[in-house]
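J.: Handing you this structure, nothing more for now.
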Amino acid sequence: MKTLAISCWLFAIGFISCTNDIKPLAYGNASCANCKMLLADKHFGAEILTKTGKIYVFDSFECMVNFKNEYLTDESQIDKIVMADASKEGSLIDARSALYLHSRNFPSPMGAYISAFADENSFTEFKSKYPGSKWSYSQATDSVLNKNY
Ligand SMILES: [Zn+2]
């Protein structure tokens, strides 16, 4: 318990959140842990919560994947990964079970054209407006890592 309190204090000094759960994405306020840009577009965003209670926020799926690939390679350190639901402002959904739309007509902040949806209905509705492909979490992740988008 003492160790936790001390590490929370250290995180606070470094302006890194220490908590046991995900937090709403602070658009207009928080910066992406990967590209340092301000979170601005509420259709996009991601968050990683580690087992030690550290939170990393991102402006896009692509930044989350690139950051995770570089700095959080040990999956056992990760508690949760959530994505902003592109169809529902303020809603955060489990990244691994989300449906991903890859559409050239719906650009994401860092250029991978990937947006996330909680369910088939909202996905289909968006896809009818922004034609593209349906990807799983692992397909979307591979496309970012291979820069194939
Ligand atoms: Zn970013």
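Nothing in this text is a laboratory measurement; each read-out follows from the coordinates by a stated rule. As the structure is a prediction and not an experimental result, all values here were calculated from the model. Positions of Cβ are backbone-derived with ideal geometry, glycine not excepted, and every protein chain shown enters the neighbour counts.
J.: With axes computed from alpha carbons, what is the tilt in degrees of helix 61-71 against the longest principal axis of the chain, rounded to the nearest 10 within 0 to 90?
T.: 40 degrees
J.: Using 7 Å Cα-to-Cβ label points, what is the Asn148/Asn20 separation (nm, one decimal)?
T.: 4.2 nm
J.: Estimate the FRET efficiency between Glu120 and Asn69 by the formula 1/(1 + (r/R0)^6), using the beta-carbon distance for r and 35 Å for R0, to the nearest 0.05.
T.: 0.80
J.: For Met83, Met37, what ranking results if the residue with the fewest other Cβ atoms within 10 Å of its Cβ goes first?
T.: With the sparsest Cβ surroundings first, the list reads Met37, Met83.
J.: Which one, Ala40, Ser60, Val144, projects farthest toward the positive side of the charge dipole computed for the chain from Cβ point charges (K/R +1, D/E -1)?
T.: It is Ala40.
J.: Calculate how steeply helix 2-13 sits against the longest principal axis of the alpha-carbon atoms of the chain, using the helix alpha-carbon long axis, and give the answer as 0 to 90 degrees to the nearest 10.
T.: Once rounded, the angle reads 60 degrees.
J.: Over the chain, what relative contact order in percent results from Cα pairs under 8 Å that are six or more residues apart? Present the calculation step by step, with values, prior to reporting the outcome.
T.: Values: 288 pairs, mean separation 27.1, N = 149.
Across the chain, relative contact order equals 18 percent.
J.: Continuing with the same structure: Given the rule -39500 (n - 2.57) for each run of at least 4 DSSP H residues, summed and divided by the residues of the chain, what is its mean residue ellipticity at 222 nm, to the nearest 500 deg cm²/dmol?
T.: After summing the helix terms and dividing by the residues of the chain, the value is -8500 deg cm²/dmol.
J.: Between the DSSP loop rule and a limit of at most 12 other Cβ atoms within 10 Å, which trypsin sites (Lys or Arg not before Pro) in segment 63-149 are left?
T.: When the trypsin sites (Lys or Arg not before Pro) of segment 63-149 are filtered for loop state and at most 12 Cβ neighbours within 10 Å, Arg104, Lys147 remain.
J.: Moving on to the next point. Can you tell me the orientation of helix 120-129 relative to the chain, as the angle in degrees between its alpha-carbon axis and the longest Cα principal axis, to the nearest 10?
T.: The two axes meet at around 60 degrees.
J.: Between rounded, prolate and oblate, where does the chain land on the alpha carbon gyration tensor, with a ≥ b ≥ c its root eigenvalues, rounded for a/c under 1.5, else prolate if a/b exceeds b/c?
T.: Details: a/c = 2.02, a/b = 1.88, b/c = 1.07.
Prolate.
J.: Further question: Amide H neighbours of Met37 under 5 Å, at least 5 residues apart or on other chains, H built in the peptide plane: list them.
T.: Cys32
J.: Which whole-Hz ³J(HN,Hα) couplings does segment 43-59 yield from phi under the Karplus relation 6.51 cos²θ - 1.76 cosθ + 1.60, θ = phi - 60°, glycine and proline marked x?
T.: 6, 10, x, 8, 8, 10, 10, 8, 5, 8, x, 7, 10, 10, 10, 9, 7
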